[in-house]
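Below you'll find the structure I mean.
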Amino acid sequence: MTEFRSADPPRPWRTALTVGLSAILWIAAYNIILPLANWIAYSALGLERGSRLGEAVAFFLYDVPKILLLLSGMIFIIGIIRTFFSPERTRALLGGKREGIGNVLAAALGIVTPFCSCSAVPLFIGFVESGIPLGVTFSFLIAAPVINEVAIVMLLGLFGWKIAGLYIASGLMIAIIAGYIIGRLKLERYVEDFVWKVQRVQPAESEKLTWPTRVERAWGSVKEIVKKVWLYVIVAIAIGAAIHGYVPEQALASIMGEQAWWSVPVAVLIGIPLYSNAAGVIPIVSALIEKGASLGTALAFMMSVVGLSLPEAIILRRVLKPQLLVIFFGTVAVAIIITGYLFNWIL
Amino acid sequence: MLNIKVLGSGCENCKKLASLAERAVNALGVEAKVEKVTDYAEIIKYPILSTPGLVVNGKLVVSGRVPSEAEITTFLTNALV
């Protein structure tokens, strides 16, 4: 990260023009997909308005391009924001912060710092070694995966900004509280001993980036994510469309509704093995909610899918003794379950 | 002779970076050894917070992202000078 020389000289005007034109095309496309989907379903295919098949087909034809457009647009914006944050900068910002304020800051930075769970080990060591308290480090490690950008976009597209905001706010609360509790428990002895002995060179400061480079990187992350999730999005929206068209209203209220007290912990348990498939899970969940599943249960399920992952647990085992790993996952799971009950109760 | 190391525990991006590095080396036609470092104890000897990382002749040039082949070529030619 010490130096960066672009292969091409930066051309700010060309970049601005490309971004501007893409934005206009994006807005035009976003406004055309609803009439287009209705036209294909009811005129070109001749399906009857209000019929089950017609509804399901129109729903599918509208939701797939809508979600893919929202994904590309939002991931691009998030990608630009993330070029201003690097793990190195986040570590510098968290250095010397007390617990409490440190937990809040770490959780917030967890949203905007680019992070991949495969980097959890060097990041954990780098944070702890530079004197960031254990609980603050955990607030970051919880927020980064729990508040998942793909999940935010899917929630925004399928439920609107209120639910997306609720998801972000509860993810932040979980990361702050769970990290604070872990910090209070004084569990430093359960970190693998070698972590405390690491002597490393200080990471270099963040690189200076030009706008064309930021745009190029953000576009790179759009391509990467869309390539990874598009198939899940299509399959899941197809399943969601089928549920939308064929499952009777309120059919699921008794097993996934508020009356069923056990639905929240069960949803969290089911979510654990569905690691990183937010794109595939949310359209189905959205259809289930329409049929009587409760929102708190659904949110708990989604957070479990993105936040409690077995691969990450296996990676973190390198630096955490089993006791701390269990406490870490247990605390996050309990926090997600409580959030689920809370939303079932207040919404 | 260039000594190139790709730091990373074997995730998708690390493999991508390693193959890009191989390609850049072949395209340049320089003599180089590309080595994958997957052991965390070895990785954290470099000033790195997020993987994948690219080390050229002992110096960490990129971390936390997959650079383009053109960028890698620039890093390699800089190291040759």
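Each reported figure results from applying straightforward, stated rules to the coordinates on display, with no laboratory input. A quick note: this is a predicted structure, and the numbers were derived from the prediction, not measured. Heads up, the Cβs are rebuilt from the backbone with ideal geometry, glycines too, and the neighbour counts pull from every protein chain shown.
Does residue A:78 count as more than 14 Å from chain B (Cβ to nearest Cβ), within 19 Å of residue A:335 (Cα to Cα) and β-branched (Val, Ile, Thr)?
no
Can I ask one more? So, in the stretch A:81-122, exactly how many residues are aromatic (Phe, Trp, Tyr) and facing another protein chain (nearest Cβ under 10 Å)?
1
Within the stretch A:37-55, restricting attention to residues that are hydrophobic (A, V, I, L, M, F, W, C) and more than 20 Å from residue A:240 (Cα to Cα), which residue is surrounded by the fewest Cβ atoms within 10 Å (Cβ to Cβ)?
In this case the residue turns out to be A:44.
Tell me which residues, restricted to the stretch B:60-74, are within 17 Å of residue B:26 (Cβ to Cβ), within 7 Å of another protein chain (Cβ to nearest Cβ) and of a type outside the set (Ser, Thr, Tyr).
Hits for the stretch B:60-74 are B:70, B:71.
Taking residue A:318 as meeting all but one of (1) crowded, with 16+ Cβ neighbours inside 10 Å; (2) part of a helix (DSSP H, G or I); (3) not aromatic (Phe, Trp, Tyr), write down the number of the exception.
(2)
Residue B:73 is checked against (1) in contact with a strand residue (DSSP E or B) (Cβ under 9 Å, 6 or more places away or on another chain); (2) more than 30 Å from residue A:92 (Cα to Cα); (3) not charged (D, E, K, R) and fails just one. What number does that condition carry?
(1)
Right, another one. Could you tell me how many of the residues in the stretch A:290-320 are away from chain B (no Cβ under 14 Å) and either in contact with a His (Cβ under 9 Å, 6 or more places away or on another chain) or free of Cβ contacts under 8 Å to residues at least 24 places away in the same chain (or both)?
Residues flagged as away from chain B (no Cβ under 14 Å) and either in contact with a His (Cβ under 9 Å, 6 or more places away or on another chain) or free of Cβ contacts under 8 Å to residues at least 24 places away in the same chain (or both) within the stretch A:290-320 amount to 3.
Taking into account only those residues within the stretch B:1-48 that are among the polar types (S, T, N, Q) and surrounded by fewer than 17 Cβ atoms within 10 Å (Cβ to Cβ), which is nearest to the other protein chains (Cβ to nearest Cβ)? Quick ask: steps written out before the conclusion?
Narrowing the stretch B:1-48 to residues among the polar types (S, T, N, Q): B:3, B:9, B:13, B:19, B:26, B:38.
Cutting the leftovers down to surrounded by fewer than 17 Cβ atoms within 10 Å (Cβ to Cβ) gives us B:3, B:19, B:26, B:38.
Working: B:3: 17, B:19: 15, B:26: 17, B:38: 11 Å.
Among those residues, the one meeting the criterion is B:38.
When you check residue A:132 against the structure, is it outside any helix (DSSP H, G or I) and within 14 Å of chain B (Cβ to nearest Cβ), yes or no?
Answer is yes for this residue.
Give the stretch A:176-186 a look and list any residue that's within 21 Å of the chain's Cα centre (by Cα), buried (at least 21 other Cβ atoms within 10 Å of the Cβ) and within 21 Å of residue A:323 (Cβ to Cβ), or say none.
Here is the first cut: in the stretch A:176-186, the residues within 21 Å of the chain's Cα centre (by Cα) are A:176-179.
Filter once more, so that each one left must be buried (at least 21 other Cβ atoms within 10 Å of the Cβ): A:176, A:178-179.
Result: A:178, A:179.
Pick out the one residue from B:56, B:37, B:25 that is more than 23 Å from residue A:88 (Cβ to Cβ) and β-branched (Val, Ile, Thr). Outline the logic, then answer.
Values: B:56 fails: more than 23 Å from residue A:88 (Cβ to Cβ); B:37 fails: more than 23 Å from residue A:88 (Cβ to Cβ).
Answer to the selection: B:25.
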